[in-house]
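The values are calculated or read from the model by the stated rules, or taken from the named source; none is laboratory data. The structure presented is a predicted model; accordingly, all values stated were derived computationally and were not measured. Here the Cβ positions follow ideal geometry from the backbone for every residue, glycine too, while neighbour counts run over all protein chains shown. Side chains included, ligands, DNA and RNA excluded: accessible areas come from the protein's heavy atoms. Shrake-Rupley method; radii C 1.70, N 1.55, O 1.52, S 1.80 Å.
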Amino acid sequence: MRIKIIFESQNQNLILPLHYNHLIQSLIYNVFSKEVADKLHNEGYNFQKRIFKLFTFSRILEKGEKNSNTLKFKRNISFYFSSPFLDIVKDFGTSAFNSSKFTLLNQEIYVSGIEVVNRPLLSDRILIKMLSPVTIHSTLEKADGSQKYYYYKPNEKEFSKLIEENAKKKFFIINQKDPTNLTLEIRPYKFSVKNNLSVVMFKNTPIEAYTGIFELKGSKELIETTYLAGLGDKNPEGFGMWEVWKGGENA
């Protein structure tokens, strides 16, 4: 289920850093009831020694005025929040309305509206637009024994393969069904490695991710999984949310 949540600032403007993902994630955890926040933060959902939170969120939908290292928004900001588990979305929405106010970078805000987003009709081949950039990576070991992240580019064959593997893991957690015979392929459609690269600093860690228009092809079950839970990895940090592309929009 996906919802749009609208916050209103107590001040005339709302000032955020250019890299605000960690602030929105923190806000989301503060909105959740303590029970749900603790479960997601401390436990999540386990699969083969990996932990999935199974929620994601978009970039702020309004365009902020860039000034040095900050963005200035008018009084209202909004973003999409999504999870395949209805209880998580219900808790988020109910808790948002039951609390009078929240803080975002020491600025008081309150919820002024929540809208349920109708799920689109999905097929086995669709064009999608990223609402938050998509990323997928591997952890590699360097010669000295230390580790580093390698973020794949969408035109590398491993990108699509790892996206599919990631979606299958999420599908199993959500449905408790074997995804072996399901398939998913992602291809760049309206895309440039140079122009669509988005390096996001998340708590001082750079994450390489990509905006743009992509084609998804394969099993509708996996496509729906990525619509609800996010495409690729690092979804609870604000990556991998998409919508069906209508065409004629900027990538």
For segment 64-78, name all the residues that are in contact (Cβ under 8 Å) with a residue 12 or more places away in the chain and surrounded by 11 or more Cβ atoms within 10 Å (Cβ to Cβ). Gly64, Thr70, Leu71, Lys72, Phe73, Lys74, Arg75, Asn76, Ile77, Ser78
Go through segment 117-139 and report how many residues are open to solvent by 70 Å² or more (accessible area, probe 1.4 Å) and touching a Lys or Arg at 6+ places or on another chain (Cβ under 8 Å). 4
Selection count, segment 12-37, where residues are surrounded by 17 or more Cβ atoms within 10 Å (Cβ to Cβ) and without any contact (Cβ under 8 Å) to a residue 12 or more places away in the chain: 1
Ile109: passes all of (1) among the hydrophobic types (A, V, I, L, M, F, W, C); (2) in contact with a Lys or Arg (Cβ under 8 Å, 6 or more places away or on another chain); (3) in a helix (DSSP H, G or I) but (3)
Give just the number: which of (1) surrounded by fewer than 17 Cβ atoms within 10 Å (Cβ to Cβ); (2) under 19 Å from Lys234 (Cα atoms) does Ser100 not satisfy? (2)
Qualifying residue in segment 223-241 (condition: in a strand (DSSP E or B), of a type outside the set (A, V, I, L, M) and either touching a residue at least 40 places away in the same chain (Cβ under 8 Å) or open to solvent by less than 50 Å² (accessible area, probe 1.4 Å) (or both)): no
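Results for (1) under 18 Å from the mean Cα position of the chain (by Cα); (2) free of Cβ contacts under 8 Å to residues at least 40 places away in the same chain, shown as yes or no for each residue.
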site: Phe191; (1), (2): no, no
site: Val199; (1), (2): yes, yes
site: Pro206; (1), (2): yes, yes
site: Ile213; (1), (2): yes, no
site: Gly218; (1), (2): no, no
Among residues of segment 154-204 being of a type in the set (Phe, Trp, Tyr) and out of contact with any helix residue (DSSP H, G or I) (no Cβ under 7 Å at 6 or more places or on another chain), the residue most open to solvent (accessible area, probe 1.4 Å) is Tyr189
Give the number of residues within segment 115-168 that are outside any strand (DSSP E or B), among the basic types (Lys, Arg) and in contact (Cβ under 8 Å) with a residue 24 or more places away in the chain. 3
Condition first: open to solvent by 80 Å² or more (accessible area, probe 1.4 Å) and part of a strand (DSSP E or B). Now tell me which residues in segment 38-63 satisfy that. Asn46, Arg50, Ile51
For Leu105, are the conditions met, namely being touching a Leu at 6+ places or on another chain (Cβ under 8 Å) and either surrounded by 11 or more Cβ atoms within 10 Å (Cβ to Cβ) or not aliphatic (A, V, I, L, M) (or both)? yes
